[in-house]
1. Hey, residue 133 hits all of (1) closer than 20 Å to residue 165 by Cα; (2) part of a helix (DSSP H, G or I) but one; which does it fall short on?
2. For region 148-175, enumerate the residues that are in a helix (DSSP H, G or I) and closer than 21 Å to residue 7 by Cβ.
3. Looking at region 268-280, can you tell me whether even one residue there is surrounded by fewer than 16 Cβ atoms within 10 Å (Cβ to Cβ), at pLDDT 95 or above and part of a loop (DSSP other than H, G, I, E, B)?
4. Just to be sure before I move on: is residue 125 closer than 30 Å to residue 265 by Cα, touching a strand residue (DSSP E or B) at 6+ places or on another chain (Cβ under 9 Å) and in contact (Cβ under 8 Å) with a residue 60 or more places away in the chain in the structure I sent?
5. Search region 176-188 for residues being touching a strand residue (DSSP E or B) at 6+ places or on another chain (Cβ under 7 Å) and assigned to a loop (DSSP other than H, G, I, E, B), and hand back the single one that is modelled with the highest pLDDT.
6. Considering region 53-78 alone, what residues qualify as being within 24 Å of residue 174 (Cα to Cα) and buried (at least 24 other Cβ atoms within 10 Å of the Cβ)?
7. So which of 220, 210 is crowded, with 20+ Cβ neighbours inside 10 Å, at pLDDT below 95 and farther than 21 Å from residue 8 by Cβ?
């Protein structure tokens, strides 16, 4: 039985872009697979000789995952279906599969490669086929990630209203050493971001265009920690296919992937991760009136900052 105060939460995504053939809209090709433009732009391939995110465990609280996708089948570990605990967290929407692909796809010859191709995805299905969830299921998903000792919690969704129980779950995860990454939202607001990205314990992510500018749809402001690629991002889709989506959800997945690269090299606390990412972005951002502004995600700079922690 659900409580009356148990509000609905929606995924942070903009209008989907029709997918082109598998080989379209990629910037480069390597022997182990193709590299989508966002993975290329943040410089992840430059880091793979040092870190591929090996054995870092990422909980993706979303719509589930396509277990049969050839680029993901080697990246998936156990998860949970909070909508029906008797079945696996199969994706019936596509969003969760897309997020997982950006984080940890391991396409070998004809597929795609994610930011951290040796990270491990734990799918946590809290959202239904329409991309909607109850906040109580999201809280249960966060608690499940903590109980299963995952390293990173990716939350590519947002809500406008404050929820104290959600904040308590986030704080519990934070104090248990879990790095929480969430999308800022797609309303184009200039001074406000969605929850849970608004909580100070969370790494808050805005979206960039292919030209490296803040995407018009992305929420922004002082509560953003870092910006990452979020426009027409090419990633895995249902039925072993590929699709483009735009949104701060996609940007969040890039950041989770880079954090996996960082943690595979060095054990760090959530605050150390957040501080390193902010310092990394500072070196790329402009200043206005002496104020700090968040900048672009860059894997090489993030790894360097991590080693200085």
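1. Against the list (1) closer than 20 Å to residue 165 by Cα; (2) part of a helix (DSSP H, G or I), residue 133 comes up short only on (2).
2. Let us first name the residues in region 148-175 that are in a helix (DSSP H, G or I), namely 164-175.
Of everything in region 148-175, those that are in a helix (DSSP H, G or I) and closer than 21 Å to residue 7 by Cβ turn out to be 164, 165, 166, 167, 168, 169, 170, 171, 172, 173.
3. Yes: region 268-280 contains one or more residues that are surrounded by fewer than 16 Cβ atoms within 10 Å (Cβ to Cβ), at pLDDT 95 or above and part of a loop (DSSP other than H, G, I, E, B).
4. Numbers: closer than 30 Å to residue 265 by Cα: yes; touching a strand residue (DSSP E or B) at 6+ places or on another chain (Cβ under 9 Å): yes; in contact (Cβ under 8 Å) with a residue 60 or more places away in the chain: yes.
Yes, satisfied.
5. The first filter runs over region 176-188 and keeps only residues touching a strand residue (DSSP E or B) at 6+ places or on another chain (Cβ under 7 Å), leaving 178-185.
Right, trim to assigned to a loop (DSSP other than H, G, I, E, B) and you get 178, 184-185.
On the way: 178: 98, 184: 95, 185: 93.
Going through the qualifying residues, I end up with 178.
6. Step one: of region 53-78, the residues within 24 Å of residue 174 (Cα to Cα) are 53-64, 76-78.
Within region 53-78, 53, 56, 58, 59, 60, 61, 62, 63, 64 qualify.
7. Of 220, 210, the one residue that is crowded, with 20+ Cβ neighbours inside 10 Å, at pLDDT below 95 and farther than 21 Å from residue 8 by Cβ is 220.
The values are calculated or read from the model by the stated rules, or taken from the named source; none is laboratory data. What you see is a predicted model, and the numbers here were worked out from it, not measured in a lab. When we count neighbours, we look across all protein chains shown, and the Cβ atoms used for this are built from the backbone with ideal geometry, even at glycine.
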